[in-house]
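Notes follow once the structure below has been shown.
The values are calculated or read from the model by the stated rules, or taken from the named source; none is laboratory data. Computed from a predicted model, the values in this text were never measured in an experiment. Heads up, the Cβs are rebuilt from the backbone with ideal geometry, glycines too, and the neighbour counts pull from every protein chain shown. With ligands, DNA and RNA removed, areas are computed over all heavy atoms of the protein, side chains included. Shrake-Rupley method; radii C 1.70, N 1.55, O 1.52, S 1.80 Å.
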Amino acid sequence: MIQFKTLLLKGYSYAMTVGWGRILHVDLSSGKHRFEDIDPDVSRLWIGGKGLAGYYLLPEITRSPDDPALPLIFMAGPLTGTPAPASGRICVMSKSPLTGAIGDCSVGGGFGWQLKKAGIDGIVITGVSRRLCGIEISDENVSIEDAGRLEGTGTNEIYSRLKDKGSVACIGPAAEHGVLFSSIMVDGTFAAGRGGLGLVSASKNLKYVTVHGTGVVPVHDQEKLRKAGEDIRRLIAATPALTGEHGLQNCGTAACYDLISCRRMMPTANFRKTFFPPAQSMNSHAFADAYRPKRYGCKACHVLCKRVGEDGTHLPEFETMSHFSALIENENLSAVTEANRICNEAGMDTISAGATLACFSEISGEKLTPARITELLLDIAAGKGEGSELGQGSLRFAESKGCSDLSMSVKGMELPGYDPRGAYGMALGYVTSTRGACHLRAYPISHEILRKPVATDRFSFAGKARIVKIAEDMNAVIDSLTVCKFFLFGCSLEEYSSVLSAVTGTETSAQDLLAAGERIYFRERVMNAKCGFTSDDDDLPPRFFAEEGSSGDGIDIPPLNREDFLEARSKYYRIRGLDGKGIPLENFAEELGLSELL
Amino acid sequence: MKKLLEKYSAKMVSAGLAESGNPLLGGLDAELEWNREDPAIPVLEEVFGGLSINSLLFSLPAEPYRSIIDYLASGDVHSIKPEDSETRTFMHDLPVIRDFRSDLIIEKLRKRKSVIIRGKGIVTWGTVSPEQAFIFYSSVCFSCFVKFFSDYLRDSRRGSLSREQERVFRNALKNLDKYPDEPPALMSAPFGNREDVYRAVAQAGRMTVEHRLVDSFFGNVSLKWGDTLFISQTTSSLDELEGCIDPCPLDGSACTSITASSEFSAHMDILRLTGMKAILHGHPRFSVIMSMDCEKENCEFRGSCHIRCPEPRFIGDIPVVPGEVGTGPYGLSNTLPPAMRNSRGVIVRGHGLFTVSGEDFNGAFRNLLSIERMCREEYFKLPERI
Ligand code: SF4
């Protein structure tokens with residue numbers, strides 16, 4: 001393991017006790033487990049969640065995704081299990097089979113919460129079980145159980161069968177059939193969706209993990225936490241995107257559907273267009289009329305942005321709605337919910353699944369009917385016929401047909417529901433994202449579309465390089481605290497640093513946390529560089545520089561200017577401490593106290 | 001970036017927040033740019049080096065803010081605690097230091113959005129745009145103004161006014177904004193098409209700013225036309241509403257209000273309850289100050305009166321209600337609309353003034369101006385009475 005003493009000497013540590021300081025290691029090859037007390041210096045440096053998970057992934061990052069020694073990591077944050085607002089999430093991390101880069105997801109549900117109550121901050125799983133197995137954790141007790149009876153079983157069914165054992169993280173049949181964008185589902189409906197982490201679990205023959213805890217997560221100063229939490233809730237109440245009449249609280253993430261449509265940046269027909277006329281009748285209102293949904297959500301959250309219909313149908317998130325309607329030009333509402341159900345049950349990322357179907361539709365020239373969408377998704381999950389090719393993701397599929405440019409992906413991961421020609425910060429953020437085309441790493445939609453904290457010009461690259469870099473650092477912190485990013489529409493690290501101080505008993509500030517976020521994100525660039533990623537991989541598909549989007553309603557959507565894009569990217573490299581090829585610079589690593597990583 | 005820096009420098013001057021030539025703004029993308037040369041730049045460059053930000057603002061406030069802030073920051077004050085609810089929510093408190101030194105500035109800005117350097121000015125930052133730095137600077141000026149005049153009333157009552165307080169008060173009086181005798185003529189109803197509606201909303205916003213009836217250019221404006229509410233977007237600057245107005249169907253069939261003002265729900269309920277069509281919301285200072293004035297020093301709700309005060313309150317004929325921004329349990333969306341039912345305006349305690357009128361903004365603007373004028377007159381009567 002890397003020695004971090006130099007970092008501490010450089011004053012990069014802020015003294016803080018984070019979490020229990022206890023990691024569970026499970027080796028599926030030997031069937032053994034052990035608890036590790038984390039070096040407090042390490043947990044101070046990397047906070048928890050994404051930051052701490054990366055600490056365990058770094059030494060193994062060059063391994064193949066199916067190498068038994070590659071860890072699959074579940075890591076809670078220092079606030080998880082406390083009443084800190086929206087802190088009930090967890091980071092799942094490994095190397096992505098889809099991209100070959102670092103792969104991590106922040107996922108809701110009760111897994112992190114139960115883990116912390118069991119007295120554990122994280123689980124590092126290595127090895128391969130000889131037979132399909134599950135890990136069951138109940139406070140101190142850890143066992144590896146045979147899961148042969150669950151082979152091929154869908155994620156919801158598994159959750160129903162195992163929920164008495166606590167929170168459940170599991171894979172579905174898609175992962176068992178080698179789908180490169182297979183997910184890990186938590187408590188039935190919360191997805192660690194992107195990058196194919198489900199396949200890493202499958203390659204270890206691990207079908208599920210359950211965890212149940214009965215402890216109480218300690219809080220240093222309850223009163224201070226209550227007040228800091230109140231500050232956050234007050235700001236959330238003042239944020240229309242969250243608690244307004246049409247914000248996430250009242251309409252779920254589907255609230256974004258109308259907005260993205262009327263900003264003329266809804267990816268349509270595999271990104272050949274940016275406007276989908278039927279969208280008006282497929283919005284949140286239409287879903288609410290059809291399903292009369294109730295809201296639910298993650299632990300410790302009062303926004304509760306998830307939706308379940310009267311009949312138990314789980315309603316799709318914005319990304320899923322967008323890709324299973326506009327992107328594949330489907331006008332049928334129930335086909336969208338059915339596609340969502342199939343993906344969740346089979347354990348597949350809805351964004352990559354929708355985008356892969358769109359790529360297939362463009363290449364084959366086939367218009368996808370609702371029945372055909374269902375058929376293809378079931379085939380992908382089962383690894384059958386055309387489905388087995390499509391299960392490799394859009395890039396490999398398009399390459400196999402000799403037209404790789406028609407895969408709308410970055411680093412092999414498909415773009416989500418925001419056309420980059422409609423938000424230039426998003427265009428930059430897609431390529432600088434360490435896990436492939438991801439809207440959440442820098443989340444420029446926040447300022448370019450939702451006007452938070454203030455609006456920026458969405459059709460300009462000016463100033464975006466630094467904005468993207470700072471936002472990446474900030475979101476790396478948020479994923480390390482394992483807090484929900486949506487809350488950042490209303491508040492900032494200023495408020496969450498007070499929450500963290502209240503929980504840990506050690507003063508910290510927003511800027512201390514941002515410095516930690518910078519180290520965490522830089523380390524991800526280091527990991528990707530070790531895996532051979534360069535500036536060639538930090539690029540958008542050629543379509544976005546050559547073809548215009550669907551202008552109208554007084555909004556022009558021209559193609560992106562390649563020179564402006566490249567200039568913004570090279571500014572980003574300078575700010576992030578990378579050379580012209582996107583490789584981490586030694587002197588910058590030294591400044592961050594991370595030279596030992598290189 | 002340079003254009004943005006110059007834009008916000010000019011806005012500070014036009015809003016009376018700084019004297020011409022004083023605002024110094026820096027913006028950092030890959031390179032650092034300033035709106036002008038200044039000897040303070042080397043120190044501020046060190047501040048940029050110590051913080052993860054993209055913009056920085058340093059300026060000496062114009063009068064009366066300068067004397068007021070110097071007074072509030074005098075003695076061994078380490079931070080000023082604003083009492084208006086908007087600043088409390090977004091800024092928490094306003095740290096104060098004595099020396100213009102990068103290490104001291106960095107230390108404070110690591111935790112807060114502004115730092116006051118006694119006698120020298122205010123430093124604020126942004127992570128996304130210089131607009132944030134401008135907003136934070138403006139909020140410091142506004143909240144200190146409100147606090148000073150509120151404290152003056154309280155201390156008059158206690159008989160504990162200091163000479164210095166009196167001196168600053170008299171000086172501030174000389175620099176108060178003058179209100180026009182007559183409100184400006186705004187576009188009048190009926191509006192023939194959507195474009196006219198957009199223009200009317202933008203014009204009402206711009207006039208509210210030009211008459212200095214808002215803080216940080218924020219507030220909100222809406223107009224009902226047909227079956228749609230046209231409302232200013234959240235964080236939009238009221239003097240630049242062109243392109244920042246959301247058309248929201250009254251039947252809720254589209255979620256376009258997701259970017260609308262945080263007071264969207266309150267606007268909708270006001271329309272439903274009053275049948276009026278035009279709503280204006282600003283933060284005129286004396287309306288805010290008077291709404292916070294209370295003689296009950298030992299009240300059990302002290303410290304949280306902006307959300308919990310149970311007393312029915314009026315300034316003249318205008319009701320004052322508790323409530324904070326947004327839709328939370330103490331949100332003004334619960335208290336404001338019912339109070340508006342029989343009134344030409346309502347003041348939300350420590351926050352701002354909402355006014356309404358029937359078909360266009362002329363009545364709402366007249367109400368905004370006349371209520372603020374009344375509050376100012378009431379304010380200056382109070383110390384005399386005391
Ligand atoms: S806002 Fe939604 S995603 Fe975020 S914590 Fe709440 S329920 Fe979970």
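Across peptide B:125-134, how many C-beta atoms of other chains are within 10 Å of each residue C-beta, on average? List each step's numbers first, then the result.
Numbers: counts 0, 3, 13, 16, 8, 2, 4, 3, 0, 1.
That works out to 5 on average.
So how much accessible surface do B and A hide from each other in total, probe 1.4 Å, in square angstrom to the nearest 100?
Details: alone 16480 and 20470 Å², together 32840 Å².
Buried surface at the B/A interface: approximately 4100 Å².
How much net charge surrounds A:TRP113 when only the other residues with a Cβ under 12 Å from the Cβ of A:TRP113 are counted, with Lys and Arg +1 and Asp and Glu -1?
Result for the neighbourhood of A:TRP113: +3.
Determine the order of B:ASP239, A:ASP457 by accessible area, beginning with the largest, at a probe radius of 1.4 Å. The partial results should precede the final answer.
Numbers: B:ASP239 35, A:ASP457 95 Å².
Highest to lowest solvent-accessible surface, that is A:ASP457, B:ASP239.
If I build a Gaussian network model for chain B, linking alpha-carbon pairs within less than 10 angstrom, which residue out of B:GLU33, B:GLU300, B:GLU324 has the largest mean-square fluctuation?
B:GLU300
For a test of the definition: using alpha carbon positions, the gyration tensor, and the 1.5 limit on a/c, classify segment B:194-385 as rounded, prolate or oblate.
On the way: a/c = 1.99, a/b = 1.55, b/c = 1.29.
Judged from the Cα gyration tensor, segment B:194-385 comes out prolate (a/c at least 1.5, a/b above b/c).
For chain B, what does the alpha-carbon gyration tensor say about shape, rounded, prolate or oblate, given a ≥ b ≥ c as the root eigenvalues, a/c under 1.5 as rounded, and a/b over b/c as prolate?
Details: a/c = 1.82, a/b = 1.23, b/c = 1.48.
The shape class here is oblate.
Name the residues of segment B:256-302 whose accessible area falls by at least 20 Å² when all protein chains are present instead of the chain alone, probe 1.4 Å?
B:THR256, B:SER257, B:ILE258, B:THR259, B:SER262, B:PHE264, B:SER265
Net charge within 14 Å of A:SER407 by Cβ-Cβ distance, Lys/Arg positive one each and Asp/Glu negative one each, not counting A:SER407 itself?
Numbers: positive: A:ARG272, A:ARG396, A:LYS401, A:LYS411, A:ARG543; negative: A:GLU362, A:GLU389, A:GLU399, A:ASP405, A:GLU414, A:ASP537, A:ASP539.
Surrounding charge for A:SER407 is -2.
List the residues of segment B:343-357 whose backbone N lies under 20 Å from a point placed 7 Å from the Cα of B:GLU311 along the Cα-to-Cβ direction.
Answer for segment B:343-357: B:346-353.
Of all DSSP beta bridges in segment A:4-212, what percent run antiparallel (nearest 5)? Spell out each step's value before the answer.
On the way: 35 of 46 bridges.
That works out to approximately 75 percent antiparallel.
Quick check: the distance between the Cα centres of segment B:282-305 and segment B:172-230, to the nearest angstrom?
26 Å
Provide the solvent-accessible area of A:LYS411, counting protein heavy atoms only and rolling a 1.4 Å probe, rounded to the nearest 10 Å².
Roll a 1.4 Å probe over it and A:LYS411 shows about 30 Å².
By a straight-distance test (C-alpha under 25 Å), which lysines pair with A:LYS224 as possible cross-link partners, with residues fewer than eight away in the same chain excluded?
Of all the lysines, those that pass the test against A:LYS224 - Cα under 25 Å, at least 8 places apart if same chain - are A:LYS116, A:LYS117, A:LYS299, A:LYS485, B:LYS81, B:LYS108, B:LYS111, B:LYS113.
Nothing charged except the Cβ atoms of Lys and Arg (+1) and of Asp and Glu (-1): what's the magnitude of the dipole of segment A:468-590 about its Cα centre? Round to the nearest 20 debye. Write down the numbers at each step before the final one.
Numbers: 13 positive and 23 negative charges, 70 e Å.
It comes to approximately 340 debye.
In a shell of Cβ-Cβ distance under 11 Å around A:GLY152, excluding A:GLY152 itself, what net charge do Lys and Arg (+1) and Asp and Glu (-1) give?
Working: positive: A:ARG149, A:LYS207; negative: A:GLU151, A:GLU157, A:GLU176.
Here the count lands on -1.
Leaving ligands and nucleic acids out of the surface, order A:TYR424, A:TYR208 by accessible area at 1.4 Å, largest first. Display every interim value, and only then the final one.
Values: A:TYR424 25, A:TYR208 0 Å².
Output order, biggest surface exposure first: A:TYR424, A:TYR208.
For segment A:312-328, take each phi angle, set θ = phi - 60°, evaluate the Karplus expression 6.51 cos²θ - 1.76 cosθ + 1.60, and give the result in whole Hz per residue in order, putting x for glycine and proline.
So the J values, rounded to whole Hz, are x, 5, 7, 7, x, 6, 3, 4, 5, 4, 5, 6, 8, 10, 4, 4, 10.
Assuming R0 = 30 Å, what is the FRET efficiency of B:LYS120 and B:GLU210, from their Cβ-Cβ distance, to the nearest 0.05?
Numbers: r = 30 Å, r/R0 = 1.00.
With R0 = 30 Å, the Cβ-Cβ based efficiency is 0.50.
In segment B:194-385, what percent of the accessible surface is made up of carbon and sulfur (1.4 Å probe, ligands and nucleic acids excluded)? Could the numbers behind the result be given before it?
Working: 3220 of 6660 Å².
Reported share for carbon and sulfur atoms: 48 percent.
Given the C-alpha centroids of segment A:178-198 and segment B:345-386, what is the distance between them in whole angstrom?
One Cα centre to the other: 57 Å.
Points 7 angstrom from Cα along the Cβ direction at A:VAL128 and B:GLU297: gap in nanometres?
8.0 nm
Which of B:LYS296, B:LYS113, B:LYS11 ends up with the largest GNM mean-square fluctuation for chain B, with Cα atoms connected below 10 Å?
Checking each option, the largest mean-square fluctuation is seen for B:LYS296.
Go ahead and estimate [θ] at 222 nm for the protein assembly as shown from helices alone: -39,500 (n - 2.57) per DSSP H run with n ≥ 4, summed, over the residue count, rounded to 500. Could you put the intermediate results ahead of the total?
Working: 39 runs with 397 residues, N = 984.
The per-residue figure over the protein assembly as shown is -12000 deg cm²/dmol.
At a 1.4 Å probe, which residues in segment B:100-118 are at least 50 Å² less accessible with all protein chains present than in their chain isolated?
B:ARG110, B:LYS111
Put +1 on the Cβ of each Lys and Arg and -1 on the Cβ of each Asp and Glu in the protein assembly as shown; which of B:VAL96, A:VAL410, A:PHE487 then has its Cα farthest toward the positive end of the dipole?
Positive-end residue among those listed: B:VAL96.
Return the carbon/sulfur percentage of the accessible area of segment A:521-591, one whole number, probe 1.4 Å, all protein chains in place.
Details: 1400 of 3160 Å².
Taking all protein chains in place, segment A:521-591 shows 44 percent carbon and sulfur surface.
Are there chymotrypsin sites (Phe, Trp or Tyr not before Pro) in segment B:273-341 that DSSP puts in a loop and that have at most 16 other Cβ atoms within 10 Å, and which ones? Spell out each step's value before the answer.
On the way: sites: B:PHE286, B:PHE301, B:PHE314, B:TYR330; in loops: B:PHE301, B:TYR330.
For chymotrypsin sites (Phe, Trp or Tyr not before Pro) across segment B:273-341 that sit outside H, G, I, E and B with at most 16 neighbouring Cβ atoms in 10 Å, the list reads B:PHE301.
Which distance in Å, rounded to a whole number, links the C-alpha centroids of segment A:277-347 and segment A:513-568?
29 Å
Take the solvent-accessible surface of the protein heavy atoms, probe 1.4 Å, and return the percent of it on segment A:4-212 that carbon and sulfur atoms account for.
Details: 2830 of 6120 Å².
Carbon and sulfur: 46 percent of the exposed surface of segment A:4-212.
Karplus couplings for segment A:115-129 from phi (6.51 cos²θ - 1.76 cosθ + 1.60, θ = phi - 60°), rounded to Hz, Gly and Pro as x?
Karplus-based 3J(HN,Hα) across segment A:115-129 equals 4, 5, 5, 7, x, 10, 8, x, 10, 10, 10, 10, x, 9, 7 Hz.
With every protein chain kept in place and ligands, DNA and RNA left out, what is the accessible area per residue of the protein assembly as shown? Probe 1.4 Å, answer in Å².
Working: 32840 Å² over 984 residues.
Solvent-accessible surface per residue comes out at 33 Å².
Let me confirm one metric for peptide A:451-459, namely the mean number of other chain beta-carbon atoms within 10 Å of its residues' beta-carbons. Numbers along the way, then the final one.
Values: counts 8, 4, 9, 13, 11, 4, 2, 0, 0.
Average per residue, whole number: 6.
By accessible area of protein heavy atoms, probe 1.4 Å, what ranking do A:GLU223, A:GLU345, B:GLU131 get, highest first?
Ranked list, largest accessible area first: A:GLU223, A:GLU345, B:GLU131.
Distances over 43 Å make up what percent of all Cα-Cα pairs in the protein assembly as shown?
Cα-Cα pairs in the protein assembly as shown separated by more than 43 Å: 34 percent.
Taking the Cβ-Cβ separation of A:LEU585 and B:GLU45 as r and a Förster radius of 22 Å, what is the calculated FRET efficiency to the nearest 0.05? Spell out each step's value before the answer.
Numbers: r = 21 Å, r/R0 = 0.98.
E between A:LEU585 and B:GLU45, to the nearest 0.05, is 0.55.
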